[in-house]
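Let me begin by presenting the structure, written as structure tokens, before commenting on it.
The values are calculated or read from the model by the stated rules, or taken from the named source; none is laboratory data. In this text, all values refer to a predicted model and were calculated from it rather than measured experimentally. Cβ: placed from backbone, ideal geometry, glycine included. Neighbour counts: every protein chain shown.
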Amino acid sequence: MIFNEAEIIQLPKNFDRRGNLSVIEQNNHIPFKIERTYWIYDVPGGEVRGGHAYRNTQEFIVALSGSFEVLMDDGKSRKLFSLNRSYYGLYVPKGVWRQMQNFSTNSVALVLASTKFDLSDYIYDYKSFKENPQ
Ligand code: TYD
């Protein structure tokens with residue numbers, strides 16, 4: 001069951017009256033080397049992002065601001081994760097269908113990825129994903 005690997009990871013939080021600071025080190029707080037970073041923002045109310053799986057890419061998703069949900073599906077069952085603190089992130093293993101939804105106003109999703117961008121790594125067809133679990 002792939003979901004055994006999908007998990008919320010708590011990050012270090014340096015409390016400070018001047019403002020807090022959190023940190024992510026590759027192969028330390030997250031289980032992969034970071035090849036790419038992107039972020040999703042200005043999401044209109046009700047919009048859904050994602051809606052695909054990756055053949056090889058692993059990701060780590062943090063709600064840097066605001067909140068949203070990540071719906072994960074390993075082809076057998078679905079699981080919903082809520083992200084709403086910048087010192088928690090969600091580890092997404094490869095081969096899992098995932099979509100991001102219910103973005104709050106002004107939310108920012110930071111995504112760390114284990115690969116460089118490669119469209120051939122995407123699985124966009126849910127039916128073929130279901131029929132050929134990764
Ligand atoms: P996509 O991954 O489909 O977004 P989402 O899964 O959030 O709905 O990417 C949207 C567009 O951005 C698509 O045209 C490809 C481009 N893109 C890059 O150029 N580099 C990247 O690292 C990512 C993630 C997307």
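To keep it simple, each residue is scored yes or no on (1) under 14 Å from Tyr88 (Cα atoms); (2) at pLDDT 95 or above; (3) within 16 Å of the chain's Cα centre (by Cα).
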{"residue": "Ile2", "(1), (2), (3)": "no, no, yes"}
{"residue": "Ile9", "(1), (2), (3)": "yes, yes, yes"}
{"residue": "Leu21", "(1), (2), (3)": "yes, yes, no"}
{"residue": "Ile34", "(1), (2), (3)": "no, yes, yes"}
{"residue": "Gly51", "(1), (2), (3)": "no, yes, yes"}
{"residue": "Gly66", "(1), (2), (3)": "yes, yes, yes"}
Residue pairs, Cβ under 8 Å, 6 or more apart or interchain, first in the range 101-114 and touching a residue at least 40 places away in the same chain (Cβ under 8 Å), second among the charged types (D, E, K, R) and buried (at least 20 other Cβ atoms within 10 Å of the Cβ). List them. Val111/Glu59; Leu112/Glu59; Ala113/Glu59; Ser114/Glu59
Which one of Asn84, Asn27 is on the phi > 0 side of the Ramachandran plot and away from the ligand (no atom under 16 Å from the Cβ)? Asn27
Out of (1) buried (at least 18 other Cβ atoms within 10 Å of the Cβ); (2) away from the ligand (no atom under 12 Å from the Cβ); (3) assigned to a strand (DSSP E or B), the one Gly50 does not meet is (2)
Residues being within 16 Å of Ser65 (Cα to Cα), in a loop (DSSP other than H, G, I, E, B) and touching a residue at least 40 places away in the same chain (Cβ under 8 Å) - total across the range 31-47: 3
Considering (1) without any contact (Cβ under 8 Å) to a residue 60 or more places away in the chain; (2) among the hydrophobic types (A, V, I, L, M, F, W, C); (3) touching a helix residue (DSSP H, G or I) at 6+ places or on another chain (Cβ under 9 Å), say which one Ala53 fails and leave the rest. (1)
